[in-house]
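First the structure, in the form of structure tokens, and then the observations on it.
The values are calculated or read from the model by the stated rules, or taken from the named source; none is laboratory data. This one's a predicted model, so the numbers in the text were calculated from it and none came from an experiment. Here the Cβ positions follow ideal geometry from the backbone for every residue, glycine too, while neighbour counts run over all protein chains shown.
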Amino acid sequence: MKKILIINGPNLNMLGTREPEVYGKTTLKDIENEIKTSAEKNKVEVEFFQSNHEGDIVDKICAAKNNFNAIIINPAAYTHTSVAIRDAIAAVEIPTIEVHISNVYSREEFRHNSLIAPVCTGQIAGLGVQGYILALEYFSR
Ligand code: CA2
């Protein structure tokens, strides 16, 4: 069975509690439950990891080498700043999709650039929680 690692970056643990107009009312637990249901349907195994710390995310990606078939990552604010996360994804050579709940391109200029996207298979932005599900379906094929 394929194994997919789902990583969520800084402050996504606060989803559903603030800024519902941007991120919706869904909590991270709700998202994980939806992904679990879809994983069962698509016959893949999933593991969840959320951290507010850049180095911990780098460690998790490095440890995924030879243990996971794919990564789905919402690097949150680190999308726009982290050379370290980009280098880790490039180093482990695990197919990765970058997901954003909001449409980062319709927001502030500083959110328009991703340091992570160039080392990913693809990027999904602006489709809300469904972005994670679509990425999972892509990797389940
Ligand atoms: O749209 C996305 O998924 C983002 O990755 C979310 C990040 C943001 O920095 C990216 O530019 C786009 C922010 C996540 C913070 O989420 C919060 C949720 C509720 C309350 C406060 C923060």
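Observations on the model:
- Residue list for segment 82-114, restricted to those being under 13 Å from Val58 (Cβ atoms) and either near the ligand (Cβ under 10 Å from one of its atoms) or of a type outside the set (Lys, Arg) (or both): Ser82, Val83, Ala84, Ile85, Asp87, Ala88, Ile89, Ala90, Ala91, Val92
- Filtering segment 86-130 to residues that are farther than 20 Å from Glu54 by Cα, among the hydroxyl-bearing types (Ser, Thr, Tyr) and either in contact with a strand residue (DSSP E or B) (Cβ under 8 Å, 6 or more places away or on another chain) or touching a residue at least 40 places away in the same chain (Cβ under 8 Å) (or both) leaves Ser102, Tyr105, Thr121.
- Only one entry in Phe68, Phe49 is touching a helix residue (DSSP H, G or I) at 6+ places or on another chain (Cβ under 8 Å) and modelled with pLDDT of 95 or more, namely Phe49.
- Tallying residues that are among the aromatic types (Phe, Trp, Tyr) and within 19 Å of Thr27 (Cα to Cα) within segment 85-141 yields 1.
- Count - residues of segment 1-29 that are more than 7 Å from the ligand (Cβ to nearest atom), among the charged types (D, E, K, R) and under 19 Å from Ala125 (Cα atoms): 2
- Single residue of segment 14-27 satisfying the filter (assigned to a helix (DSSP H, G or I) and surrounded by fewer than 16 Cβ atoms within 10 Å (Cβ to Cβ)) that is modelled with the lowest pLDDT: Val22
Let's see how each residue does on (1) touching a residue at least 40 places away in the same chain (Cβ under 8 Å); (2) under 22 Å from Glu137 (Cα atoms); (3) of a type in the set (S, T, N, Q); (4) touching a strand residue (DSSP E or B) at 6+ places or on another chain (Cβ under 8 Å):
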| position | (1), (2), (3), (4) |
| --- | --- |
| Lys25 | no, no, no, no |
| Glu32 | no, yes, no, yes |
| Ile35 | yes, yes, no, yes |
| Ala39 | yes, yes, no, yes |
| Lys43 | yes, yes, no, no |
| Ser82 | no, no, yes, no |
